[in-house]
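Here's the structure, in structure tokens; my notes come after.
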There are 2 protein chains.
Amino acid sequence: MNRGRPRSGHIDQAVAEAVRELLGEHGYQPLSIDKVAARAGVGKAGIYRRWRSKAEMVFSVVVHGTRLVPPADTGTLRGDLAALAGHIVALLSAPDARAVVPGLVADIAADPALAERFAAEFIDRERAVLGEILDRAAGRGELPAPGDAAFAHALLLGPIFTYLFLSGGEPPPGLPDRLAGAVLAALGAKE
Amino acid sequence: MNRGRPRSGHIDQAVAEAVRELLGEHGYQPLSIDKVAARAGVGKAGIYRRWRSKAEMVFSVVVHGTRLVPPADTGTLRGDLAALAGHIVALLSAPDARAVVPGLVADIAADPALAERFAAEFIDRERAVLGEILDRAAGRGELPAPGDAAFAHALLLGPIFTYLFLSGGEPPPGLPDRLAGAVLAALGAKE
């Protein structure tokens, strides 16, 4: 259904709705920027100004956009890390994300230029959020040294990805808090 | 090239060589059990007796077979975990593995029956290796309680997978020892 060409401020929303509808109807593999443009009633140029590939568009819509922000300050490093881990579990456990993430990862791995943009757009942003959480903790005196945000990111995201997409199971109850504890211990944090 | 039908004891080796050759020539996507059988000069039935899908055959040949065993006892939990993490880094960093693992993960995620067999065949075996390492540590008095092998497995495998396949980079130097330290701390091990 063509809804009429949306005004520029509404393009993001029209694209997001079209991506979700098309994923629900046919899955990730047959999705294309052409089909999304047609369904959303927007020009392809408008889509390509925002995202350079199908994979980036889908990841941005389904997993997280460019507005990833640190969770509210809980007052402790453990609380902040557990909140972020819980957020990642929720994002990746959503049915849309479960359906598309493994295909996205395969697309990214097969295309070095896409892999580089993906790392710069999304992974660096996630690491920056971790960096802000670790800086808060250093400010409170909870960390003995500036933390390694990339390592903390891998320790949070990696096990969640493993439970959801590699080991055929569900993240066990309490995983966010256990991961927060593992990161605290790995960074030598005081509690 | 048909090398003549190999004797049954040599089927594994003939299949492994054919899989590696075909991956090198055309990559993962166009590989099929038919093509492997033809290249190896073995019957398809012999392949299907060993593996029930292309994904299982390729994972077994390229990443690890059914003979995964715990690394030699290093005398400490930290040493055993670092040795295992180093082994996983080496397995997944090999050019063949880099080329096929993301496509395998996507295939597995798209097929619940395959996901179940993959978890039973490979993930459970990896967790059993971790379990044996944790049991050794408990026997030495290094662990206060029986360790959670599935959690330790996710803490080792997940970050390695993240560095290699999600964040577009290389595992940083010293990663195996840092991961061993994170697992020790998460399990409350004495050093």
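Values in this text are rule-based calculations from the coordinates and carry no lab data. Model, not experiment: these values are computed from the prediction. Using ideal geometry, Cβ is built from the backbone for each residue, glycine included, and neighbour counts are taken over all protein chains shown.
Take the Cα coordinates of region A:38-108, assign each an equal point scatterer, and use the Debye formula without solvent to give log10 I(q)/I(0) at q = 0.13, 0.17, 0.20, 0.24 Å⁻¹. Rounded to two decimals, the profile gives -0.51, -0.76, -0.92, -1.09.
Plainly put, the tip 7 Å out from Cα toward Cβ on B:LEU91 is 2.9 nm from that tip on each other copy, the closest given first. Distances between copies at B:LYS190, taken between label points 7 Å from Cα along the C-beta direction, are 2.6 nm in increasing order. Put a plus charge on the Cβ of each Lys and Arg, a minus charge on the Cβ of each Asp and Glu, and nothing anywhere else: the dipole of region A:8-50 about its Cα centre is then about 160 debye. Applied to region B:31-37, the Karplus parametrisation 6.51 cos²θ - 1.76 cosθ + 1.60 on θ = phi - 60° returns per-residue 3J(HN,Hα) values of 5, 9, 5, 4, 5, 5, 4 Hz, with x for Gly and Pro.
Over all directions, the projected convex hull of the C-alpha atoms in region A:126-172 averages 3.8 nm² in area.
Put the Cα centre of region A:69-87 next to the Cα centre of region B:63-128 and the gap is 31 Å. Based on every Cα atom in region A:62-186, Rg and the maximum pairwise Cα distance Dmax equal 14.7, 43 Å.
Under a model in which nothing but the beta-carbon of Lys, Arg (+1) and Asp, Glu (-1) is charged, the protein assembly as shown shows a dipole of about 1020 debye around its Cα centre. Positive end of the dipole of region A:49-191 (Cβ unit charges, origin at the Cα centre): among A:GLY103, A:LEU179, A:LEU77, the Cα lying farthest that way belongs to A:GLY103.
A:GLY75 sits among other residues whose Cβ lies under 11 Å from its own Cβ, and their net charge, with Lys and Arg +1 and Asp and Glu -1, is 0.
Counted by neighbouring Cβ atoms within 10 Å, the residues A:ASP73, B:ASP80 run from fewest to most as A:ASP73, B:ASP80. Annotation for B:PRO112, label-to-label distances across the other copies: 4.0 nm (shortest first, one decimal, point 7 Å from Cα along Cα→Cβ).
Assuming R0 = 56 Å, can you tell me the calculated FRET efficiency for the pair A:VAL69 and B:ASP34, based on Cβ-Cβ distance, to the nearest 0.05? Efficiency computed from Cβ-Cβ geometry: 0.65. Applying a DSSP loop filter and a limit of 15 other Cβ atoms within 10 Å to the trypsin sites (Lys or Arg not before Pro) in region A:93-178 leaves A:ARG140. Taking the Cα centre of chain A as origin and assigning +1 to Lys and Arg Cβ atoms and -1 to Asp and Glu Cβ atoms, the resulting dipole is close to 680 debye. Ordered by the number of other Cβ atoms lying within 10 Å of each residue's own Cβ, fewest first, A:GLU126, A:GLU121 fall into the sequence A:GLU121, A:GLU126. Ordered by the count of other Cβ atoms within 10 Å of each Cβ, fewest first, A:HIS26, A:HIS153 give A:HIS26, A:HIS153. Counting each pair of different Cα atoms once, what's the Kirkwood radius of region B:8-50 in Å, rounded to one decimal? 10.2 Å is the Kirkwood radius here. In this entry, the protein assembly as shown is assigned a mean projected area of 21.1 nm², taken as a quarter of its C-alpha convex hull surface.
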